[in-house]
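Visitor: Structure provided below as structure tokens; questions to follow.
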């Protein structure tokens, strides 16, 4: 049989690798900055675009989509070509994919600090960028499937299945969760409201973890771990079961982010059950990865690549055991909203994602540059300092999480909250925050050591842009001819399009069962007659709340526990959120819950608190929001916003949009007048046109409608 | 817990069959692949396993 010569494209692999390292360093640096801001709030230098609420999203987006995203593409482009024995389908598509993705990252890095956000976690980017992501994602899929169709191999190796599932599922998740009505180029409202929005968001949020941070990385594991160990995967059979079970189960697990919230109970239970079942395939994958190294443990002692892989797979095992445990309602009652959750997440991201990616780069880069790594010693130092970094990151945060939870729930013998002032539970954990940022610093130093090492490695070496390879052409019979007695699985597995359809079906089953009933069954969201739409001023205030990312630290969801109803007030009902496009339940309580904050304090209290939180709450770690006192509220979009809400079914009277601005100004004047009386301070000037007035209006409305009923 | 699930599920016609069908599909696929993994031809698996190792490293 004649051999065909072809060339692997290494340049695109190099580009994605370097981009991953570059953005990774930036994303982690932003992470370090926000970690320090938690105990040095002044570090925002009173600049809005450096403030925690805004740049927290920059950190998460940068490390997920820029660091892991670019690294995933580097690994996929490297392994896919070799597993298919072909060059990528199109160099043009590869380049559009690369530059398009970097362009999106730049847009994110500009818009997020400017407060242009849809507020949905890990999907904060506004609608024009969402569309750009969709286009570039399709380019990636097109290039991948084009390559698969050009294959010179009879079979699709399991890693490619994981890549296909990633492509299909992320496309579905991204589109559904970002369905929004644009108000302007930089502003949109989610088409979903309240409970439904929360369910869609966490169906997305959890599966972003599953199909952006897990399945592609598992694909990379199934390729690079055997490569580095120079032996086949421990059990290919197990990898098949791992794959199907994982994609089937993951898609159902989202509601475990909403336990004890206003989400209907059946959906919560569904999330819990499937999360528990997830242990099986996850651990199957972990065992498969680790046992691939059987017989080469002596190499692990010397080879930094294998060391990174071992810790990565172990971290995967740890976080996929912890995840299901956190999905148990009794454990979740303790852990949710606390620092336990970031600890859990960072075992996954720093350990599993980060270390697998570092190991992969130490393996790929010297090879495509036809050289040896500059310093094995530095690679080993990176490994150790990174491992220490993870420990110093996670342990204090577990401690902080337990501490918070115990303090939030403690009652005195007389039946009062032992720590009635939320602030006490914050100042208590400052030492843990300091230690955590030290862990982050260590991890980042490790990354800079890697950058130095890589720089030295490639400095005097040449990139082998087009790597020659040979393989026999694939006769079309090999693919299509059915062999007697073969399983139909082979029929699927040899045809990528069938594979795409089947994995799509697998994820859609869970999606439909989970989402549709909540959308269509009226009983799932009982309406409350006294809940009315926001006034135009409150709506503008709510958009400021979104712009500043207040939901990064404050939840708006009181769970039905005595410790919460005592502290915050009546627990939250599903019917209270029917006009919340998008929902702002939040997922973390760095500060207290705000759902029943309305009318709890005077306007003057909010006014002083936003100007300088330590005035009302000595020791507070909340940043100052003084620009809200300087900037006029922009009402140019108010009318359009009301129209958008009307389109979404919010019952404003017909023609109300025309009166919206006037209505807004009246309410602003009312609040400003009340504020003047409350402040009793002739020196402070109160201007009703400032943003702070709108924010106060929103805060004073929060959670009050239900009280009118009584 | 089942009481609550049932309460919501009974409020729309035929909805109770959804999760059962879904679980059925999942269980079938899972059992199928388990059986496949047990019965599959060893040579075929070896061929698949060796795929990443097929390339000569530079």
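No lab work stands behind these numbers, since they all come straight from the coordinates. Nothing here was measured: the structure is a model prediction, and the numbers come from that model. Every residue, glycine as well, gets a Cβ built from its backbone with ideal geometry; the counts of neighbours run over all protein chains shown.
Visitor: Taking beta carbons within 10 Å but only from partner chains, what does the mean come to for residues A:239-250?
Guide: Across A:239-250, the average partner-chain Cβ count within 10 Å equals 3.
Visitor: If you wrap a convex hull around the Cα atoms of the stretch A:564-637, how much volume per residue is inside, in Å³?
Guide: 142 Å³
Visitor: So, one more: Largest first and in whole Å, what are the equivalent-ellipsoid semi-axes of the stretch A:152-275 based on the Cα gyration tensor, each being the root of 5 times an eigenvalue?
Guide: 34, 19, 10
Visitor: Compute the Rg to Rh ratio over the stretch A:1-80 from the alpha carbon atoms, using the Kirkwood formula for Rh, and round to two decimal places.
Guide: Expressed as Rg/Rh, it is 1.29.
Visitor: Please give the helix A:265-277 orientation as an angle from the longest Cα principal axis of chain A, in degrees from 0 to 90, rounded to the nearest 10.
Guide: Relative to chain A, helix A:265-277 is tipped by roughly 30 degrees.
Visitor: Order by neighbour count: A:265, A:303, fewest other Cβ atoms within 10 Å first, most last.
Guide: With the fewest neighbours first, A:265, A:303 line up as A:265, A:303.
Visitor: For labels at residue A:413 and residue A:179 in the simple 7 Å Cα→Cβ model, what's the distance in nm?
Guide: 5.7 nm
Visitor: In peptide A:420-427, what is the residue-averaged number of other protein chain Cβ atoms found within 10 Å of each Cβ?
Guide: So the per-residue partner count for this stretch is 0.
Visitor: Between residue B:25 and residue A:611, what is the label-point separation in nm under the 7 Å Cα-to-beta-carbon projection?
Guide: Distance between label points: 5.9 nm.
Visitor: Right, next: What base-10 log of the normalised intensity I(q)/I(0) is obtained for chain A from the Debye formula, alpha carbons as equal point scatterers, at q = 0.07, 0.08 Å⁻¹?
Guide: The Debye formula, applied to the Cα set alone, gives -0.49, -0.64.
Visitor: Any idea what angle helix A:127-149 forms with the longest principal axis of chain A, computed on alpha-carbon atoms, 0 to 90 degrees, nearest 10?
Guide: Taking the Cα atoms of chain A, the angle to A:127-149 is about 10 degrees.
Visitor: Next up: Starting from the Cα gyration tensor of the stretch A:134-214, take the square roots of the eigenvalues, sort them a ≥ b ≥ c, and report rounded, prolate or oblate (rounded when a/c is under 1.5, otherwise prolate if a/b is larger than b/c, else oblate).
Guide: Here the stretch A:134-214 falls in the oblate category.
Visitor: Any chance you could give the angle, 0 to 90 degrees and rounded to 10, that helix A:304-326 forms with the longest Cα principal axis of chain A?
Guide: 40 degrees
Visitor: Quick one: grab Rg to one decimal and Dmax as a whole number for the stretch A:6-148, Cα atoms only, in Å.
Guide: 17.0, 57
Visitor: So, R0 is 25 Å and r is the distance between the beta-carbons of residue A:462 and residue A:7; what FRET efficiency does that work out to, to 0.05? Could you put the intermediate results ahead of the total?
Guide: Working: r = 15 Å, r/R0 = 0.61.
Calculated value: 0.95.
Visitor: I've got another one for you. Of the beta bridges DSSP finds with both residues in the protein assembly as shown, what % are antiparallel, to the nearest 5?
Guide: Counting only bridges with both partners in the protein assembly as shown, antiparallel ones make up about 95 percent.
Visitor: At 222 nm, what value in deg cm²/dmol follows for chain A if DSSP H runs of at least 4 each add -39500 (n - 2.57) and the sum is divided by all its residues, to the nearest 500?
Guide: The helix contribution divided over chain A gives -20000 deg cm²/dmol.
Visitor: Neighbouring Cβ atoms within 10 Å as the yardstick, rank A:583, A:609 fewest first. Mind dumping the intermediate values first?
Guide: Details: A:583 25, A:609 20.
Going from least to most buried by this count: A:609, A:583.
Visitor: For residue A:279 and residue A:529, calculate 0.36 nm times their separation in residues minus their Cα-Cα distance, and state this gained length in nm to one decimal.
Guide: Separation in residues times 0.36 nm, less the Cα-Cα distance, equals 85.7 nm.
Visitor: In nanometres, what is the gap between the two model label sites at residue A:299 and residue A:384, each 7 Å from Cα along Cα-to-Cβ?
Guide: 2.3 nm
Visitor: Considering the Cα positions of the stretch A:594-691, please state its Rg to one decimal place and its Dmax as a whole number of Å.
Guide: 16.1, 48
Visitor: Okay, moving on. Over all residues in A:231-238, what is the mean tally of Cβ atoms on other chains that come within 10 Å of each residue's Cβ?
Guide: Going residue by residue through A:231-238 and averaging, the value is 5.
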